[in-house]
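See below for the structure under consideration.
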Amino acid sequence: MINIGTTDFYLNVTSLPVEEFESYSTELFDEWEDYVSNVLKLPDYYLALDVQEGSISAKSKILVSATALCGFLASYGSISSGVKNLYSDVSAIGNYLGDRAAAPFPDSIEKPKVRKRGEALAKLESLFVRVGNGSISVDEAMTLAEKVLGEDVEEVPGFMEELRGSLEDTPSQMKLPIEEMEFQPDPQEKEGDRKPSSPKPKTPIIRPDQYRVEIWKESKKGKRNVRVRKI
């Protein structure tokens, strides 16, 4: 299976009672799953959401088979366009999860922290960028793409040939996607010129026993699985 997107969420709030925490987690998964099914046009996928106490933190991931992913990307005609559009959809799904996770806590002083990663999609998009700016050749990009997609990509007839054609047609000087950019500090900025960081808010009191709720579906039409663990 290929990971096409993960989302990390953190909200600094007081721990919930165990039953309420489990209900919050399962309802969040159901809302997220419903949104995913409406946005992602992939034939099948694996969904997983882990929600943990200690305030509330959550991690989601979307996995797909090489056959489903490659078939979907090839259906766009241009694999580059397929990667870009799927990447955009997965990013929107991450935004939705962050919004829904924070919705039950409108009075929270802190804003939730959400981090999204495009995983395999980000890596594939970066190959088009690097070919476009001349930092790697098409042959080098193909070798890297095989590592990202795994051996199962051979089960999708013609996909690698289409990928090569799309890479060869990549326009020069493509802009880097946000996830691939690196922050470079201003060389004129001096250490003393930086504003002091704001003091961290106090961590809310949490009970000694904390729990993690693990929820997953192994296929689009499969059943929802729930497991509650003490941590």
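All of the numbers you see were taken from the coordinates with simple rules; none came from a lab. All values derive from a computational prediction rather than experimental measurement. Positions of Cβ are backbone-derived with ideal geometry, glycine not excepted, and every protein chain shown enters the neighbour counts.
A few points about this structure:
- Efficiency of FRET from Cβ geometry, ASN38 and GLN210, R₀ 41 Å, rounded to 0.05: 0.80
- Spin-label proximity, ASN85 to the range 24-56 - amide N less than 15 Å from point 7 Å beyond Cα toward beta carbon: 39-43
- Set of the range 1-25 residues, backbone N closer than 18 Å to the point 7 Å along the Cα-Cβ line of LYS111: 8-13
- Once the C-beta distance of SER78 and GLU19 is scaled by a Förster radius of 45 Å, the resulting FRET efficiency is 0.35 to the nearest 0.05.
- J(HN,Hα) series, the range 52-63, from Karplus relation 6.51 cos²θ - 1.76 cosθ + 1.60, nearest Hz, glycine and proline x: 10, 7, x, 6, 10, 10, 9, 9, 10, 8, 10, 10
- Burial ranking of peptide ranges 148-159, 62-73 (average Cβ count within 10 Å, highest at the top): 62-73, 148-159
- Inter-label distance for SER137 and ASP169, nm, one decimal - labels placed 7 Å from Cα along Cα-to-Cβ: 2.3
- Modelled spin-label separation between ASP30 and ASP152, with each label point placed 7 Å from Cα along the Cα-to-Cβ direction: 2.9 nm.
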